[in-house]
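The values are calculated or read from the model by the stated rules, or taken from the named source; none is laboratory data. Everything numeric here is computed off the predicted structure, so don't read it as measured data. Cβ: placed from backbone, ideal geometry, glycine included. Neighbour counts: every protein chain shown.
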């Protein structure tokens, strides 16, 4: 892919941690995934807040991000 990627817009599915944790717990109960646990979820949130969030903010300042309210239901987000 090289050093750079050309894109027009970035889609960011914005959702609060409480909702995400609830959904991951539901997925863990349904699918039995071992990586869907409180410890792993905390690490995922920390990684997002210390690394990924900065990227979203950078591109938001360049007006290249479409923010989607992902707390809504699947049908509403779609």
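Give the residue that is surrounded by the fewest Cβ atoms within 10 Å (Cβ to Cβ), with candidates limited to residues of the stretch 9-25 that are without any contact (Cβ under 8 Å) to a residue 40 or more places away in the chain and within 19 Å of residue 56 (Cα to Cα).
Here the answer is 17.
When the stretch 26-42 is examined, which residues are found to be surrounded by 10 or more Cβ atoms within 10 Å (Cβ to Cβ) and either modelled with pLDDT of 95 or more or more than 19 Å from residue 72 (Cβ to Cβ) (or both)? Please lay out each step first, then the result.
Step one: filter the stretch 26-42 for residues surrounded by 10 or more Cβ atoms within 10 Å (Cβ to Cβ), giving 26-29, 33, 35-38, 40-42.
28, 29, 33, 35, 36, 37, 38, 40, 41, 42, listed by residue number.
Could you check the stretch 11-58 and list, in sequence order, the residues that are assigned to a helix (DSSP H, G or I) and more than 15 Å from the chain's Cα centre (by Cα)?
Within the stretch 11-58, the first condition is being assigned to a helix (DSSP H, G or I), and the residues that meet it are 17-31, 38-58.
Selection gives 25, 26, 27, 28, 29, 30, 31, 38, 39, 58.
With respect to the numbered conditions (1) surrounded by fewer than 12 Cβ atoms within 10 Å (Cβ to Cβ); (2) at pLDDT 85 or above; (3) in a helix (DSSP H, G or I), which one is the sole condition not fulfilled by residue 63?
All conditions pass for residue 63, except number (3).
Could we say that residue 4 is out of contact with any helix residue (DSSP H, G or I) (no Cβ under 9 Å at 6 or more places or on another chain) and modelled with pLDDT of 90 or more here? Walk me through how you get there before you give the answer.
Numbers: out of contact with any helix residue (DSSP H, G or I) (no Cβ under 9 Å at 6 or more places or on another chain): yes; modelled with pLDDT of 90 or more: no.
Judged against the criteria, residue 4 is not a match.
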